[in-house]
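Read the structure below first, then the notes.
None of the figures in this text is laboratory data; all of them are computed from the coordinates on show. All values reported here derive from a predicted model rather than from experimental measurement. Here Cβ is always computed from backbone atoms with ideal geometry, including for glycine, and neighbour counts include all displayed protein chains.
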Amino acid sequence: MTDDVRMRLGNAETVEGKTAFVDAVNAFLASSGGSGNEIIDVWSDGDTLVTELEVDYTRLDGQQVTVRAATSSNYETASSRDTAHTSTRPPCMHRDRGERR
């Protein structure tokens, strides 16, 4: 990752710089009991890489949630410069696949 990395998770504010990146990722990880993902597809165009995936979250109450998501990353040499992660709905809105609380 570059020193001027920028990242946005969902509808959160964009963070800039390595320290803010690490802080945002740590805050996100602390907000759930865990996560994993399955890559569905990957596309590239120039310096941009887009990944479509399904993300499995374990909520803090122990329930499992799966959401469809996409990430887009812009690369400068071999380091990530701009990264955005979006999902269909925040995981706290689900009990399991597609069921709303």
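Could you tell me whether Ser73 is within 12 Å of the chain's Cα centre (by Cα), surrounded by 13 or more Cβ atoms within 10 Å (Cβ to Cβ), polar (S, T, N, Q) and over 17 Å from Val5 (Cβ atoms)?
Taking the combined requirement at face value, the residue does not satisfy it.
Determine the pairs where a residue that is in contact (Cβ under 8 Å) with a residue 12 or more places away in the chain, located within the range 32-44, has a partner that is not in a strand (DSSP E or B) with Cβ atoms under 7 Å apart, the partner being 6 or more residues away or on another chain.
So the pair list comes out as Ser32/Arg59; Ser32/Leu60; Ser32/Pro91; Gly33/Arg59; Gly33/Leu60; Gly33/Gly62.
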